[in-house]
Amino acid sequence: MKLVLLAGGKGERLRPLTDNKQKALMPILGEPLICRHLKELSKLNPEKIIIILSYKKEQVVEEVKKCFPNENKIVYVDQKEEKGTGHAIKMAMDYGGEGDYLIIYSDLYLSKNVYKNLIKLKSPGIVVTEVSKPWNYGVVKIENEIIKDIKEKPKIDEPVSNTIFAGILRLPFDSKEYIDNIKLSSRNEYEVTDAIKEMIKSFDIFTLNIPKNQWLDIGRPWDLLIANRLALDEEIKGQVIKGDVHNSVVIKGDVIIEEGAEIKPYTVIEGPVFISKNSIIGPTSHLRPYTIFLKNSSAGYSVEVKGSIVMEFSKLPHFNYVGDSIIGEHVNLGAGTITANLRFDHKSIKMKVKEDIIDTEMEKLGSIIGDYAQTGINVSILPGKKIGSHAIIYPGCIVDRDVNSYEIFKC
Ligand code: TTP
């Protein structure tokens, strides 16, 4: 079997997190998604691994070489333009030739036990799962484990089943004619679901179901928070402490504190929490459940962080509150910078994604801050607001709208 990882999209909906990074490199407990896929899927012993690239391709190759240094089965195919999932699969089959293909979108969070079950997916077959709002996906109708219909992005609130195509499929090479014949969709892309719709007219396509909470499409920024929360729940058990922890520190619950990390006096940590290599926390800071600090990041004096991801080299130096937020790499928050994460009326937080205002269905959601952004002292950021990479927020400002990349926000 040949393994294909699709890592070619631009990830527009994930901005600003994808301003500087391919979507396939979004971290799950500090590990780029594509590395997690490769590590788990190589256990299925594929004869070849084809990675489809386009946007920020060199970056993906570099990261894969770091996490898979001697993997001679990997080949990279440059899609050149992001013409859609169907086009990406065609490129993979043009390159790979005869054989059976296990094809996976790289932007999926999969629980670890899903990977080994993928071997049970029959060919031709697709993986399906259930979601509460199916209208953004390819919705499928199944009878006796065989697909009877597939409908890409039905109209909002159109009554359809909650079962969707989960971005994983297995196809023999002889289905390539259906992939080659995909027509441009209304979104101006060649979409694999159009080929599946044609295939089911001629032969059976089997399904394999992934249970809830073991799969997530990381399409919008808050999906990255949810995926990491699922991983914290599933993968952090007990206390694994390799860093330097002062004897006054209080630690409760499940935590990982990696080597080189330092936890300074009178800090309180409530798991699940993951603190990666060389991060420095405290003194007197409070890390609440579902907090992640990636390599070389820091929280200084009297900083409270809850339900958030702080990426590599970012600094929360003094008197910061960061709740249910994502702080990109190399960000610096001025003293007293606060993220609000709850509305007075407790209604769910909305976020602008491309041109649409989306209800995140999260009662608590803070900010999404892109790489290299900086805030001055006493900045307050309202719930669900995004700050683009390299933006600068002047001291004392209340950020009540999204801020563009490289924008200087004055008040
Ligand atoms: P999408 O979720 O459509 O990825 P995208 O990057 O286009 O997202 P956005 O709409 O936010 O811009 O694609 C699903 C997967 O397929 C994802 O892992 C990226 C990959 N892909 C390709 O490899 N090539 C492509 O041309 C496209 C569109 C996606």
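Which entries in Lys23/Lys183; Lys2/Lys57; Lys183/Lys354; Lys83/Lys155; Lys21/Lys183; Lys112/Lys201 show an alpha-carbon gap greater than 27 Å?
Lys21/Lys183; Lys112/Lys201
Per residue, how much accessible surface does the chain expose to a 1.4 Å probe? Answer in Å², no decimals.
Here the residues of the chain average 43 Å² of exposed surface.
Among residues other than Ile241 whose Cβ falls under 15 Å from its Cβ, what is the net charge (Lys/Arg +1, Asp/Glu -1)?
Local net charge: -1.
Which order do peptides 231-244, 383-396, 188-201 fall in by mean Cβ count within 10 Å, highest first?
Peptide ranking by packing, descending: 383-396, 188-201, 231-244.
Going through the cross-link list Lys65/Lys176; Lys66/Lys90; Lys120/Lys141, which pairs have a Cα-Cα distance over 23 Å in this structure?
Lys65/Lys176; Lys66/Lys90
Output the 0 to 90 degree angle, nearest 10, between the alpha-carbon long axis of helix 221-235 and the longest principal axis computed from the alpha carbons of the chain.
90 degrees
Can you give the calculated 222 nm mean residue ellipticity of the chain, where each DSSP H run of n ≥ 4 adds -39,500 (n - 2.57) and the sum is split over every residue, rounded to the nearest 500 deg cm²/dmol?
Value at 222 nm, helices only, nearest 500: -5000 deg cm²/dmol.
For the range 22-44 and the range 160-194, what is the centre-to-centre distance using only Cα atoms, to the nearest Å?
Here the two parts' Cα centres lie 23 Å apart.
Over 26 Å between Cα atoms, which of Lys315/Lys364; Lys264/Lys364; Lys315/Lys347; Lys237/Lys386 qualify?
Violating the 26 Å Cα-Cα cut-off are Lys264/Lys364; Lys315/Lys347; Lys237/Lys386.
Residue by residue, what Karplus-based ³J(HN,Hα) values in Hz, rounded to whole numbers, does the range 108-116 have, using 6.51, -1.76 and 1.60 with θ = phi - 60° and x for Gly and Pro?
Karplus-based 3J(HN,Hα) across the range 108-116 equals 9, 8, 10, 5, 4, 6, 5, 4, 5 Hz.
Give me the net charge of Val131's neighbourhood, meaning all other residues with Cβ under 11 Å from the Cβ of Val131; Lys, Arg count +1, Asp, Glu -1.
Here the charged neighbours net out to 0.
Rounded to whole Hz and in sequence order, give me ³J(HN,Hα) for the range 264-281 from the Karplus expression 6.51 cos²θ - 1.76 cosθ + 1.60, θ = phi - 60°, writing x for Gly and Pro.
7, x, 6, 8, 10, 10, 10, x, x, 9, 10, 10, 8, 3, 6, 8, 10, 10
In degrees from 0 to 90, rounded to the nearest 10, what is the angle of the helix 192-202 Cα long axis to the longest principal axis of the chain?
30 degrees
Tally up the carbon and sulfur contribution to the accessible surface of the chain as a whole percent, 1.4 Å probe, everything protein left in place.
Ligands and nucleic acids excluded, carbon and sulfur reach 49 percent.
Show which aspartates and glutamates lie in cross-link reach of Lys350 when reach means a straight Cα distance below 18 angstrom and same-chain residues fewer than eight apart are skipped.
Glu12, Asp223, Asp324, Asp359, Glu361, Glu363, Asp400, Asp402
The values are calculated or read from the model by the stated rules, or taken from the named source; none is laboratory data. Treat the numbers as computed from the prediction; the structure is a model and nothing was measured. Positions of Cβ are backbone-derived with ideal geometry, glycine not excepted, and every protein chain shown enters the neighbour counts. Surface areas here come from the heavy atoms of the whole protein model, side chains and all, with no ligands, DNA or RNA. Shrake-Rupley method; radii C 1.70, N 1.55, O 1.52, S 1.80 Å.
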